[in-house]
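Novice: Attaching a single structure in structure tokens format; questions to follow.
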Number of protein chains: 4
Amino acid sequence: MQMISFENDYTTGTHPKILQRLAESNLEPTSGYGMDPYCASARDKIREACGRPGAEVQFLVGGTQANAVVIASMLHNYEGVVAAETGHINVHEAGAIEATGHKVLTLPGHMGKIDVGELSSFLQKFYQDDSQEHMVFPGMVYLSHPTEYGTLYSKEELEAIGEVCREYGMALFLDGARLGYGLMSLESSLSLADIARICDAFYIGGTKVGALCGEAVVFPKNNMPKHFLTMVKQHGALLAKGRLLGIQFDALFTDGLYFEVSRHAIEMAEKLKAVLKEKGCTFYLESPTNQQFILLENSQLERLNKHVKFSVWEKPDPGHTIIRLVTSWSTKVEDVERLREIL
Amino acid sequence: MQMISFENDYTTGTHPKILQRLAESNLEPTSGYGMDPYCASARDKIREACGRPGAEVQFLVGGTQANAVVIASMLHNYEGVVAAETGHINVHEAGAIEATGHKVLTLPGHMGKIDVGELSSFLQKFYQDDSQEHMVFPGMVYLSHPTEYGTLYSKEELEAIGEVCREYGMALFLDGARLGYGLMSLESSLSLADIARICDAFYIGGTKVGALCGEAVVFPKNNMPKHFLTMVKQHGALLAKGRLLGIQFDALFTDGLYFEVSRHAIEMAEKLKAVLKEKGCTFYLESPTNQQFILLENSQLERLNKHVKFSVWEKPDPGHTIIRLVTSWSTKVEDVERLREIL
Amino acid sequence: MQMISFENDYTTGTHPKILQRLAESNLEPTSGYGMDPYCASARDKIREACGRPGAEVQFLVGGTQANAVVIASMLHNYEGVVAAETGHINVHEAGAIEATGHKVLTLPGHMGKIDVGELSSFLQKFYQDDSQEHMVFPGMVYLSHPTEYGTLYSKEELEAIGEVCREYGMALFLDGARLGYGLMSLESSLSLADIARICDAFYIGGTKVGALCGEAVVFPKNNMPKHFLTMVKQHGALLAKGRLLGIQFDALFTDGLYFEVSRHAIEMAEKLKAVLKEKGCTFYLESPTNQQFILLENSQLERLNKHVKFSVWEKPDPGHTIIRLVTSWSTKVEDVERLREIL
Amino acid sequence: MQMISFENDYTTGTHPKILQRLAESNLEPTSGYGMDPYCASARDKIREACGRPGAEVQFLVGGTQANAVVIASMLHNYEGVVAAETGHINVHEAGAIEATGHKVLTLPGHMGKIDVGELSSFLQKFYQDDSQEHMVFPGMVYLSHPTEYGTLYSKEELEAIGEVCREYGMALFLDGARLGYGLMSLESSLSLADIARICDAFYIGGTKVGALCGEAVVFPKNNMPKHFLTMVKQHGALLAKGRLLGIQFDALFTDGLYFEVSRHAIEMAEKLKAVLKEKGCTFYLESPTNQQFILLENSQLERLNKHVKFSVWEKPDPGHTIIRLVTSWSTKVEDVERLREIL
């Protein structure tokens, strides 16, 4: 019996429509480095989806790369980036931000989220400190949305954080590696246009939302750093065949495919939650997106391990394990059904 | 009438066999970050092609990235990398090497190549200098093969450079962004196995040789830097869906596809050279690979511009321009024929 | 009435014996960059004081510089440095460590100290983590001794931390910007020889212990990083007139001057503590070294402000302030007496 | 018989007036980090000497440090600094500029100087290049004055370079490690006020002109980079006892001491030149400042080596050596006389 996989949202290839578009355009010669008509078209469609006709869009290959390039390009040398302790840039990017010379300044993570009150206090204290000139200046706030715990910022929360950022002259950057799943969550109060209105930079994740690779970095306010392309190149992040990214995002933003695949993953996640609840599983936290965290006893873990692929999240004590089950654009109803049987 | 393109070797998509393999494997779930069976298989095939069963292979996305990651991972803080003045890392990578903190130490470029005698003198002088501790130590030699001018190192030349490197305790790194075209050149005296025997690190270019993206970095001597994967991640260069690279290189190294597509490009380049000679064009230099450089008068340039896409290389004087015409896996005989007609 | 200053331990010039030695040697020509006989002599005396005849000693100008140069020179690219959250490198060095590309990995600070149990748990958890290759490897432990809170590690604590470091293949680095005050503390259980035996690198602070400037970095175990001088130069940290540092440390390690000036500061601190206790002041923490922290009500703060210079440490609530009073080699008994009168 | 030294201009201690001022101020407590009254007074005097009442002045410890901090603080990430191939930052600073992530873009050196015509052509070519976005943007011109070869820019030359910089939006930075010797040269056509008017940043060297250490960085046009102090700290370049630098520069700019000691060195250099000419020595180049370069046969070299300390500059062929003889504030007439006897 084949294993079923809830291991991650990047375990399969790409949405068939993307494959098809790659095949159709394959022999057509285009210029490199994102100067091709597919990238141009994809940029237009993204601008429209964001409701920002003047937004600047640059396609990068992956998430860590997008974080490092954007953060390093927007910060001054004397600045660092504020993030939740559990933020991806602080934990799982092998020090990519620090490798560009910038400190990650941490705030407590509340199921992956920062608290606007704590952000505000931190900044107030910083600017009251006599020795602030000997410290790293907070130049940007980094959020992941959905967070690494599958949780979401509400519109009110994002607005409030944005206001604090403006008050202190900081940029607000949103890591949307899984943005689609946030936007399509049943509990989402944020639209793409809201995000584009509130944030100074964000990216629309492709890799985890049906593309082979690719993240669309958006500077919504005519604020793309000067010579951004050169800095992308300097980071080794400029794809020669930029069309590979353009074609994918063009497909994803044609007829709402991006939202459709995201909605599918959310539906699968909701079914999964129902099954897990039905089977009496203990949820480690309430996630309204495509990542579900449950607490298992060792015996349960062992049983599941035989039939299902998932990630081990944490071991709160020797007898228990928190695991993560993830749905995606390619999760099938049958996968969830089989999980029910297994449980 | 449609333009014909000799603009570059990354203007079209990918070899149909690669597209096919991407489609076939599309729904199969695999682990991420290069831990999938396609990457494993591709590694094996590359090891075999190199004649180095113990070689370590890591797939990266692009050339600048591969250069920066390999160079920064192999050098000590006090070291720089020696390259031809015209080397890609010194000119067209937006300072990607320096951005990792390392100096590029330049030698004169002779149609893209460094001279082993000049390398030797440079090193001798360096180690005789009383103030050498105030200088950047030469820790590595970087070669591109083929060079940016389409020229090739002979086996004797590469052996000699390798010997000098060993004498001075330096690594020898070969940028093979267009390696296939070098190996299949009619004038090549170097096999993949020779390169793997002589160099300490090199990469087999995919992007410019028929893949959508991807470079296969090879450490042939059990000398991959410790925790290389972590440093790849730190540079934002670790692809989540590593399979995208694995599948492509697996296809390229199945039944000699990599060599076949390269040979095709060389055949097209030879035809192109014949046409250019026939038409009395002045060659700026003798290139035995897929890049051809010719000197045009302004009137010729204008005429060509209407029908053909190419790159402008240099303007030696106001009345003349050196242009570059490039063939690739996807160049068709008809393209060359049409060029003859246009000329 | 002139203000008295307990503001810091770097408010005055230098010990008169150092001035005298500078004057005596002034016109004698010597080679630069630390290659002079004064540096040589100072190195010998420091080796002897450490009980390590083979120790390597390099003089740097200041503390942040010493931290950045040592840490960047000893870590691999994939490594970070573990420190207390309150550690100087994490708070008050303007991101100097991150500017060299390395992350500071924080542990809770217990009045400035890290806890060996927490260190051990952190490392154990790190090496059990499946995604450790996506994380920054802990390559070094950084301690300040005395800490930023004036507290001290005991011999047992330092031994235990050293053991954990060896177990995990990490370097142990001790920031001794105020080392003299730690060694001469009435509660010290650590000698210079102990520190040299247990640590892989440390520095003996001069700037805050009677010199004009200068920190003596010691690699006690024949483990100075290769081409360390070149890396010092690369950081802009190589003094042309290295003799300025050599002469000062030669004076400080002649006839035990370093220990004498440190002991004096401790005696003054003990007197200060007695006065503060006598006057009913609330101590924020128990410090056995030359920094004393007391909690004042706003009215007390105001009164003191008129006659005494000190640092404001923290405002725990709107009505109270924690201030820091610091003694040094140049504190006079009369200063403490006058403080008693003022209080 | 004792050796006489023409080895360098940093072989002795400091001018007696500086020693005296250090002694006089020694026990006076002051705030740290350059916030003391001596630094304030020195800044005022330097502003006046430059004829720029609004100039911003920051004291750093050494030359490499000053170069790295200023260059890294003024450049954008996508920019490099243009310098002569022989420029100190390109050769003898161990890669300090590249360690901050910036490329040094080289122009030919003409006895240490760049040529304004070559600069202009380089920039023109750069901005005509189609692939300029893949290259490092020239963001600043770095000059050393006097150069590493003791040569000087004329007023006309500096004006012309300044004009080109303004035309291309680049900063002009002048490394004045030996500025005093340039200003007092018999052939100087540039005053301190000229330099302050033409350049965007420069520093007045102390280390090589009579101080123990210290360089005064001047931003003459109200253009000090924002939070420069924090970046100084981040580079490990902020001296705790900033007074050490303030006192020295205050002394040097009181009653024209800086110019007096420089003039003395120039007088000694002129005497030295006369002696060398009298003895028939071959000058390698015409230097109007305190560094003299002569070409010796091996037998002459051997003889000199017994009595005189100097630097070996270069070996043009196995039978000859170019040596450098340097005078300074502390060179005595007798030293030159003794050299005549030796020759």
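Novice: Can you report the number of residues in the stretch A:127-144 which are more than 16 Å from A:Gly87 (Cβ to Cβ) and open to solvent by less than 10 Å² (accessible area, probe 1.4 Å)?
Specialist: 1
For every residue, the table says whether it meets (1) under 15 Å from B:Gln234 (Cβ atoms); (2) under 19 Å from the mean Cα position of the chain (by Cα).
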{"position": "C:Thr64", "(1), (2)": "no, yes"}
{"position": "C:Gly80", "(1), (2)": "yes, no"}
{"position": "C:His102", "(1), (2)": "yes, no"}
{"position": "C:Phe122", "(1), (2)": "no, no"}
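Novice: I'm trying to understand the selection: among the residues of the stretch C:272-303, which are open to solvent by 10 Å² or more (accessible area, probe 1.4 Å) and aliphatic (A, V, I, L, M)?
Specialist: Matches in the stretch C:272-303: C:Ala274, C:Leu285, C:Leu295, C:Leu301.
Novice: Identify all residues within the stretch D:203-227 that are open to solvent by less than 10 Å² (accessible area, probe 1.4 Å), in contact with a helix residue (DSSP H, G or I) (Cβ under 6 Å, 6 or more places away or on another chain), under 21 Å from D:Leu172 (Cβ atoms) and of a type outside the set (Val, Ile, Thr); write none if there are none.
Specialist: Across the stretch D:203-227, the qualifying residues are D:Tyr203, D:Gly205, D:Glu215, D:Ala216, D:Pro220.
Novice: Kindly provide the set of residues from the stretch B:223-271 that are part of a loop (DSSP other than H, G, I, E, B), in contact with a strand residue (DSSP E or B) (Cβ under 7 Å, 6 or more places away or on another chain) and more than 29 Å from A:Ala23 (Cβ to Cβ), ordered by number. Walk me through how you get there before you give the answer.
Specialist: Quick first cut of the stretch B:223-271, residues part of a loop (DSSP other than H, G, I, E, B) only: B:223-227, B:235-242, B:253-256.
Among the residues that remain, those that are also in contact with a strand residue (DSSP E or B) (Cβ under 7 Å, 6 or more places away or on another chain) are: B:224, B:227, B:237, B:242.
Across the stretch B:223-271, the qualifying residues are B:Met224, B:His227.
Novice: Next up: Identify, please: which residue in the stretch C:131-152 is of a type in the set (Phe, Trp, Tyr) and not in a loop (DSSP other than H, G, I, E, B) and is, among those, farthest from the other protein chains (Cβ to nearest Cβ)? Spell out how you get there, then give the answer.
Specialist: So in the stretch C:131-152, the residues of a type in the set (Phe, Trp, Tyr) come out as C:137, C:142, C:149.
Still in the running and not in a loop (DSSP other than H, G, I, E, B): C:137, C:142.
On the way: C:Phe137: 7, C:Tyr142: 15 Å.
It comes out as C:Tyr142.
Novice: Would you call A:Val164 within 14 Å of chain B (Cβ to nearest Cβ) and either surrounded by fewer than 18 Cβ atoms within 10 Å (Cβ to Cβ) or not hydroxyl-bearing (Ser, Thr, Tyr) (or both)? Break it down into steps so the answer makes sense when it comes.
Specialist: Working: within 14 Å of chain B (Cβ to nearest Cβ): no; either surrounded by fewer than 18 Cβ atoms within 10 Å (Cβ to Cβ) or not hydroxyl-bearing (Ser, Thr, Tyr) (or both): yes.
For A:Val164, the condition - within 14 Å of chain B (Cβ to nearest Cβ) and either surrounded by fewer than 18 Cβ atoms within 10 Å (Cβ to Cβ) or not hydroxyl-bearing (Ser, Thr, Tyr) (or both) - is not met.
Novice: Restricting to the stretch C:9-32, give me the number of residues that are open to solvent by 50 Å² or more (accessible area, probe 1.4 Å) and not small (Gly, Ala, Ser).
Specialist: Selection size over the stretch C:9-32: 8.
Novice: Looking at the stretch C:240-262, can you tell me whether even one residue there is polar (S, T, N, Q), under 30 Å from A:Phe126 (Cα atoms) and open to solvent by 10 Å² or more (accessible area, probe 1.4 Å)?
Specialist: no
Novice: Right, here's the next one. Can you tell me how many residues within the stretch C:79-97 are open to solvent by less than 10 Å² (accessible area, probe 1.4 Å) and of a type outside the set (A, V, I, L, M, F, W, C)?
Specialist: 4
Novice: Mind counting the residues in the stretch D:18-34 that are in a helix (DSSP H, G or I) and more than 7 Å from every other protein chain (Cβ to nearest Cβ)?
Specialist: So the answer is 4.
Novice: Is it fair to say A:Val232 is of a type in the set (Val, Ile, Thr) and more than 10 Å from chain B (Cβ to nearest Cβ)?
Specialist: When the stated conditions are applied, A:Val232 does not pass them.
Novice: Hey, any hits in the stretch A:106-120 for a residue that's touching a Cys at 6+ places or on another chain (Cβ under 9 Å) and over 21 Å from A:Met231 (Cβ atoms)?
Specialist: To start, the set of residues in the stretch A:106-120 that are touching a Cys at 6+ places or on another chain (Cβ under 9 Å) comprises A:119.
Checking the rest, the ones that are also over 21 Å from A:Met231 (Cβ atoms) come to A:119.
Yes: the stretch A:106-120 contains one or more residues that are touching a Cys at 6+ places or on another chain (Cβ under 9 Å) and over 21 Å from A:Met231 (Cβ atoms).
Novice: Scanning for something at pLDDT 95 or above, touching a Ser or Thr at 6+ places or on another chain (Cβ under 8 Å) and not charged (D, E, K, R), does the stretch C:198-210 turn up at least one residue?
Specialist: Taking every residue of the stretch C:198-210 in turn, at least one turns out to be at pLDDT 95 or above, touching a Ser or Thr at 6+ places or on another chain (Cβ under 8 Å) and not charged (D, E, K, R).
Novice: Would you confirm whether or not the stretch C:159-173 contains a residue that is under 16 Å from the mean Cα position of the chain (by Cα), part of a helix (DSSP H, G or I) and at pLDDT 95 or above?
Specialist: no
Novice: Looking for whichever is within 14 Å of another protein chain (Cβ to nearest Cβ) and either without any contact (Cβ under 8 Å) to a residue 24 or more places away in the chain or not hydrophobic (A, V, I, L, M, F, W, C) (or both) here; the options are A:Thr282, A:Thr327, A:Thr254, A:Thr289. Which one fits?
Specialist: It is A:Thr327.
Novice: Also: For the stretch A:1-17, which positions are part of a helix (DSSP H, G or I) and touching a residue at least 24 places away in the same chain (Cβ under 8 Å)?
Specialist: The one that is part of a helix (DSSP H, G or I) and touching a residue at least 24 places away in the same chain (Cβ under 8 Å): A:Lys17.
Novice: So, one more: Residues to consider are C:Ala40, C:Ala49; find the one that is within 23 Å of C:Leu212 (Cβ to Cβ) and touching a Phe, Trp or Tyr at 6+ places or on another chain (Cβ under 7 Å).
Specialist: Result: C:Ala49 is the single residue among C:Ala40, C:Ala49 that is within 23 Å of C:Leu212 (Cβ to Cβ) and touching a Phe, Trp or Tyr at 6+ places or on another chain (Cβ under 7 Å).
Novice: May I pose another question? Has the stretch D:202-211 got any residue that is over 16 Å from the mean Cα position of the chain (by Cα) and not polar (S, T, N, Q)?
Specialist: Checked the stretch D:202-211: no residue is over 16 Å from the mean Cα position of the chain (by Cα) and not polar (S, T, N, Q).
Novice: When you check C:Tyr10 against the structure, is it under 26 Å from the mean Cα position of the chain (by Cα) and at the interface with chain D (Cβ under 7 Å from one of its Cβ atoms), yes or no?
Specialist: yes
Yes/no matrix, rows are residues, columns are (1) part of a helix (DSSP H, G or I); (2) of a type in the set (S, T, N, Q); (3) within 22 Å of A:Thr12 (Cα to Cα); (4) in contact with a Lys or Arg (Cβ under 8 Å, 6 or more places away or on another chain):
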{"residue": "A:Ser185", "(1), (2), (3), (4)": "no, yes, yes, no"}
{"residue": "A:Leu190", "(1), (2), (3), (4)": "no, no, no, yes"}
{"residue": "A:Ala193", "(1), (2), (3), (4)": "yes, no, no, yes"}
{"residue": "A:Ile204", "(1), (2), (3), (4)": "no, no, yes, no"}
{"residue": "A:Thr207", "(1), (2), (3), (4)": "no, yes, yes, yes"}
{"residue": "A:Cys213", "(1), (2), (3), (4)": "no, no, yes, yes"}
{"residue": "A:Ala216", "(1), (2), (3), (4)": "no, no, yes, no"}
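Novice: Suppose the filter is over 30 Å from D:Leu60 (Cα atoms), within 14 Å of chain C (Cβ to nearest Cβ) and modelled with pLDDT under 95; does D:His320 pass it?
Specialist: Numbers: over 30 Å from D:Leu60 (Cα atoms): yes; within 14 Å of chain C (Cβ to nearest Cβ): no; modelled with pLDDT under 95: yes.
The answer is no for D:His320.
The values are calculated or read from the model by the stated rules, or taken from the named source; none is laboratory data. Every value quoted in this text rests on a predicted model; they were computed, and no experiment measured them. Methodologically, a virtual Cβ is constructed for each residue, glycine included, from the backbone with ideal geometry; neighbour enumeration extends over all protein chains shown. These accessible areas exclude ligands, DNA and RNA; they are computed on the full protein's heavy atoms, side chains included. Shrake-Rupley method; radii C 1.70, N 1.55, O 1.52, S 1.80 Å.
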